[in-house]
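Colleague: Handing you this structure, nothing more for now.
What follows is calculated from the coordinates using simple rules that are stated; it is not laboratory data. Every value quoted in this text rests on a predicted model; they were computed, and no experiment measured them. Reconstructed Cβ throughout: ideal geometry from the backbone, glycine too, with neighbour counts over all protein chains shown.
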Amino acid sequence: MGLRTMLGLKEPFHVRQSRLATALETSAELPDMTLFQNRMISNHVRDLTFVDVGGLWGTNNEKVTLALQSGAKTATMADMQEMDNEWWQAFRRRAAQLNVSGYAEKLVNLDDPRVHEKLGTFDFVHCSGIVYHVPSPFYTIQRLASLTKRYLLLGSMVVPEVIVTESGELRFDGGQMIYIPAIGDRERTIVAEHFNGVSLSVAHINLASNEHFSRNGEINYGPWWWLYSSKTMKRMLEDIGFKVIEHAPAWEGRSHYFFCEKV
């Protein structure tokens with residue numbers, strides 16, 4: 001998930017150091033081609049220009065190396081971290097371990113209204129782990145639309161259309177979403193029980209946090225802002241101007257991937 005690096009976010013020091021140590025110490029592994037997202041890239045990227053938007057965070061989930069291994073014409077990693085940042089170093093180390101070179105590196109902010117001018121446009125855009133962390137998912141996906149000439153592969157955390165726990169039922173069908181900064185106690189309790197059951201820890205839900213959503217007019221893109229179902233995200237993509245060609249759950253249903261074509 002690349003959100004924190006893509007939008008210049010901070011995370012707790014011990015979490016950051018632990019994740020970075022793992023990225024630096026773990027030998028790069030070939031991508032798991034049973035995963036939907038990897039198959040979509042491998043099957044469609046040949047001879048196309050490719051960009052991975054915000055792929056540095058965690059490093060091993062980046063898709064630049066896979067794109068080049070699959071025959072992409074060019075591949076670019078786009079992120080907001082400074083170029084001498086340790087996450088760039090971890091990414092470069094991973095690429096070297098996989099004998100991948102010739103990629104471009106760009107420093108950009110996805111939510112910049114001129115991101116398409118600063119970064120350029122590409123045949124194939126990959127972005128995962130961002131849109132549920134932003135105050136306006138529709139706007140952020142519009143920025144992604146401005147970057148792609150053909151394909152968008154979008155990954156997002158999602159919740160079931162109906163959540164039932166000991167504390168009650170909560171529905172996310174029919175386009176219903178929850179704006180987490182305004183979530184009520186009942187809704188928080190039900191979602192927290194659900195997340196506990198699927199081993200997810202989310203700030204302001206089932207993880208105590210003093211993290212502000214905004215301060216002095218500056219947006220914090222660190223916490224989750226929204227809860228929505230995969231059907232709601234699919235409709236959002238369609239309303240922005242994408243045809244969803246294929247989509248599939250990931251991470252045992254915690255997240256969902258959408259392979260889209262611009263229309």
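Colleague: Taking amide hydrogens as modeled 1.01 Å from N in the peptide plane, which residues meet the under 5 Å criterion relative to Val158, leaving out close sequence neighbours?
Modeller: The answer is Ser255, His256.
Colleague: Tell me the Kirkwood hydrodynamic radius of segment 177-220 in angstroms, computed as one over the mean inverse distance between distinct C-alpha pairs.
Modeller: For segment 177-220, inverting the mean 1/r across all distinct Cα pairs yields 11.4 Å.
Colleague: Same structure, new question: By counting other Cβ atoms within 10 Å of each Cβ, how are Phe172, Phe259 ranked from fewest to most?
Modeller: Numbers: Phe172 21, Phe259 24.
Least to most surrounded, the residues fall as Phe172, Phe259.
Colleague: Quick check: the distance between the Cα centres of segment 185-263 and segment 48-67, to the nearest angstrom?
Modeller: 21 Å
Colleague: Right, here's the next one. Specify, per residue and in Å³, the volume enclosed by the convex hull of the alpha carbon atoms belonging to the chain. All intermediate terms of the calculation are to be shown ahead of the outcome.
Modeller: Details: hull volume 33.8 nm³, N = 263.
Cα convex hull per residue, to the nearest whole number: 129 Å³.
Colleague: Still on this structure, I have one more. If you take the charge dipole of segment 162-219 about its Cα centre, with +1 on Lys and Arg Cβ and -1 on Asp and Glu Cβ, which of Asn216, Gly175, Val191 is farthest toward its positive end?
Modeller: Among Asn216, Gly175, Val191, the one farthest towards the positive end of the dipole of segment 162-219 is Asn216.
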